[in-house]
Amino acid sequence: MPATHLRCRVCETHYPLDPIGVCTRCFGPLDPVYDRDEQRRIVSRESIEAGPRSIWRYADLLPVAAPAEQRLAPGCTPLVRAPRLADALGVGELWLKLDTANPTHSFKDRVVAVACAKALEHGSTTLACSSTGNLANAVAARAAAEGLEAVILCPADLEPEKLIASAVYGPRIYAIEGSYDDCSRLTVELSFEVDWAFVNVQLRSYYAEGSKTLAFEVAEQLGWELPDVVVAPIASGSMFTKLHQGFGEFLDLGLVEGEQPRLIGAQAEGCSPVARAWADGAKVKPVRPSTIARSLAIGSPADGALAAATASSIHITPEDEIVDNIVLLAETTGVFGETAPGVTLGALRAAVRAGEIGEDDRVVLLVTGDGLKTPGLVADRLDPIVIEPDAELILETLGGVR
Ligand SMILES: Cc1ncc(COP(=O)(O)O)c(C=O)c1O
Ligand SMILES: [Zn+2]
């Protein structure tokens with residue numbers, strides 16, 4: 001395996017490839033380091049194409065070995081053209097990356113699969129996390145697939161569909177009477193007391209790397225070419241920063257040519273600490289989230305500063321536009337996204353208005369989560385014509401138009 005060690009992003013201290021959450025010297029985040037020469041020697045377009053149809057085709061670019069038996073493997077989700085939405089927005093070439101096609105319908109299956117591979121290597125028996133909803137679904141399902149226990153801490157007032165889509169797999173759920181940031185703090189405290197493998201605490205370095213596979217897939221699916229622009233949501237900022245890293249690694253390894261894509265970030269008005277830091281050129285100031293985009297409601301984003309530094313721009317989607325965007329996406333593409341894609345589409349629209357996207361740009365919009373988990377927001381669209389089972393009555397409703 002080409003991964004060699006973990007390195008502190010701040011003081012550069014090295015650590016072995018163990019479940020270590022942060023640098024014990026300076027509390028900085030740790031990133032896996034790879035032997036690039038070894039990767040250049042063993043990784044090629046052909047070797048990737050010959051791999052399994054999942055994230056594990058990129059195993060040599062990840063900090064864990066591919067599991068011997070790949071259960072419920074995420075990845076290789078569709079990348080589809082969206083010509084009607086492109087026309088509606090005035091974008092030349094628009095693609096949707098449908099991460100709703102993962103086993104629990106969000107991109108979180110990618111990060112959990114990588115973190116869990118590390119947890120299994122270390123003989124953990126319980127997988128755990130703090131979550132805004134989607135991560136909980138992914139952890140609970142992964143634990144069920146691997147025969148592990150699961151423990152989840154999430155805000156008590158999450159969308160019920162998200163809680164149910166975790167509960168069905170049989171985890172222990174703590175519905176915390178507080179925010180996601182409270183849940184996150186609790187997991188850090190508990191990680192010193194119990195031997196649960198918290199995917200986003202001690203396993204965070206491994207977890208985060210899983211998001212690189214989104215960038216890898218986009219480039220591979222575009223025929224080993226890079227897009228010009230990728231529009232992506234930001235909560236903790238982890239996935240956003242790893243997109244940049246993923247494209248960078250493909251360039252570095254000579255798997256693609258050209259320029260780093262411009263990364264446009266998306267946050268909801270009611271939780272936009274990274275967008276505000278980017279706009280002000282200032283530090284990220286934690287906020288108390290108040291947004292309908294619950295999956296993105298992280299007020300104190302761990303990778304916020306790096307996400308702001310990575311972004312070409314970050315746009316704030318007004319709260320009252322999020323549902324309109326969910327509907328616009330559905331009506332023009334046939335894709336039902338949750339609130340996160342509603343926010344992301346808002347950023348794409350804002351970027352077009354601001355002239356940041358040219359006629360010839362090839363744009364990828366990430367659809368990271370599924371609308372079936374947040375159906376309440378569009379429930380008022382349901383207004384059927386209730387009628388007796390009689391064709392004549394149906395024809396009458398057409399008022400003579402056939
Ligand atoms: C659907 C969806 N998209 C995007 C994100 C943002 O991920 P990150 O915390 O890596 O910024 C989340 C996080 O929960 C999510 O659930
Ligand atoms: Zn350090």
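The values are calculated or read from the model by the stated rules, or taken from the named source; none is laboratory data. Just so it is clear, the model here is predicted, and its values are computed rather than measured. Here the Cβ positions follow ideal geometry from the backbone for every residue, glycine too, while neighbour counts run over all protein chains shown. Quick note on the areas: whole protein, heavy atoms, side chains included, nothing else; ligands and nucleic acids left out. Shrake-Rupley method; radii C 1.70, N 1.55, O 1.52, S 1.80 Å.
Extension gain residue 185-residue 53, at 0.36 nm per residue separation less the Cα-Cα distance, in nm?
Once the chain is fully extended between residue 185 and residue 53, it gains 43.9 nm.
Which order do 201, 10, 80 take when ranked by solvent-accessible area (1.4 Å probe, heavy atoms of all protein chains), largest first?
Ranking 201, 10, 80 by accessible area, largest first, yields 10, 80, 201.
Of all alpha-carbon pairs in the range 236-289, indicate the percentage at a distance above 13 angstrom.
65 percent
Run the accessible area of the range 224-335 with a 1.4 Å probe and give the carbon-and-sulfur part as a rounded percent.
For the range 224-335, the apolar C and S fraction of the accessible surface comes to 49 percent.
Taking amide H atoms as placed 1.01 Å from N in the peptide plane, list the residues 5 or more away in sequence, or in a different chain, whose amide H sits under 5 Å from that of residue 4.
Under 5 Å from the amide H of residue 4 lie the amide H atoms of 33, 34, 35, each far enough along the sequence or on another chain.
Select from 352, 24, 226 the residue farthest towards the positive end of the dipole of the chain; place +1 on Cβ of Lys and Arg, -1 on Cβ of Asp and Glu, and compute about the Cα centre.
Value: 24.
Can you give the relative contact order of the range 246-335 as a percent, counting alpha carbon pairs under 8 Å and 6+ residues apart?
Worked out over the range 246-335, it gives 32 percent.
Roughly speaking, what is the centre-to-centre gap between the range 146-208 and the range 54-90 when only Cα atoms are used, to the nearest Å?
Using only Cα atoms to place each centre, the spacing works out to 24 Å.
With no solvent and one equal point scatterer per Cα, compute the Debye intensity ratio I(q)/I(0) for the range 127-201 at 0.25, 0.28 Å⁻¹ and report its log10, rounded to two decimals.
Computed log10 I(q)/I(0) values: -1.13, -1.35.
Residues of the range 12-50 with amide nitrogen under 17 Å from the 7 Å Cα-to-Cβ point of residue 224?
Those under the cut-off are 39-50.
Please state the relative contact order of the chain as a whole percent: Cα pairs under 8 Å, 6+ residues apart?
Relative contact order, the chain: 16 percent.
For residue 241, what accessible area in Å² do you get when you roll a 1.4 Å probe over the heavy atoms of the protein chains, rounding to the nearest 10?
Only protein atoms counted, so the area is about 10 Å².
For a Förster distance of 45 Å, can you work out the FRET efficiency between the beta-carbons of residue 46 and residue 9, rounded to the nearest 0.05?
So, using R0 = 45 Å, E works out to roughly 0.85.
Over the range 292-353, average the accessible area per residue using a 1.4 Å probe and give it in Å², no decimals.
31 Å²
Taking Cα atoms of the range 157-255, Rg/Rh with Kirkwood Rh, to two decimals?
Rg/Rh: 1.07.
Leaving out ligands, DNA and RNA, and with a 1.4 Å probe, what % of the accessible surface on the range 141-198 is carbon or sulfur?
53 percent
So what's the convex hull volume per residue for the Cα atoms of the range 252-383, in Å³?
It is 141 Å³ per residue.
Dipole size in debye (nearest 20) for the chain around its Cα centre, Lys and Arg Cβ +1, Asp and Glu Cβ -1?
The calculation lands at about 940 debye.
Which of 145, 101, 82 ends up with the largest GNM mean-square fluctuation for the chain, with Cα atoms connected below 10 Å?
145
Grab the Cα-Cα distance for residue 18 and residue 290, subtract it from 0.36 nm times how many residues apart they are, and report the gain in nm with one decimal.
Result: 94.3 nm gained on full extension.
Helix 134-146: angle to the longest alpha-carbon principal axis of the chain, degrees 0 to 90, nearest 10?
Rounded to the nearest ten degrees, it is 60.
Per the helix-only calculation at 222 nm, which mean residue ellipticity applies to the chain, given -39500 (n - 2.57) for every DSSP H run of n ≥ 4 and division by its residues, nearest 500 deg cm²/dmol?
-11000 deg cm²/dmol
In this model, which of 108/285; 97/242; 108/162; 118/373; 108/242; 162/212 are farther than 20 Å apart at the alpha-carbon?
Checking Cα-Cα distances, 108/285; 118/373; 162/212 exceed 20 Å.
Heavy atoms only, 1.4 Å probe, whole protein assembly: order 172, 71, 57 by accessible area, highest first.
Correct descending sequence by accessible area is 172, 71, 57.
Provide the gained length on full extension for the span residue 25 to residue 68, in nm with one decimal, where the gain is 0.36 nm per separating residue minus the Cα-Cα distance.
12.0 nm is the gain from fully extending residue 25 to residue 68.
Between residue 125 and residue 157, how high is the FRET efficiency from 1/(1 + (r/R0)^6) when r is the Cβ-Cβ distance and R₀ = 35 Å? Nearest 0.05.
Efficiency, rounded to the nearest 0.05: 0.70.
Round to the nearest 10 and give me the degree value, 0 to 90, for the angle of helix 339-353's Cα axis relative to the longest principal axis of the chain.
That helix lies at roughly 80 degrees to the long axis.
What's the angle, to the nearest 10 degrees (0 to 90), between helix 212-221's Cα axis and the longest principal axis of the chain?
60 degrees
With a ≥ b ≥ c the root eigenvalues of the C-alpha gyration tensor of the chain, is it rounded (a/c under 1.5), prolate (a/b larger than b/c) or oblate?
Judged from the Cα gyration tensor, the chain comes out prolate (a/c at least 1.5, a/b above b/c).
Going through the range 129-212, which chymotrypsin sites (Phe, Trp or Tyr not before Pro) have at most 12 other Cβ atoms within 10 Å and a DSSP loop state?
192
How big is the antiparallel share of DSSP beta bridges in the chain, given as a percent to the nearest 5?
Given both bridge residues lie in the chain, the antiparallel proportion sits at roughly 30 percent.
Rounded to the nearest 0.05, what FRET efficiency do residue 175 and residue 354 have when you use their Cβ-Cβ distance and R0 = 56 Å?
0.90
For the range 81-210, what class follows from the C-alpha gyration tensor (a ≥ b ≥ c being the square roots of its eigenvalues): rounded when a/c is under 1.5, otherwise prolate if a/b is larger than b/c, else oblate?
Cα axes put the range 81-210 in the prolate bin.
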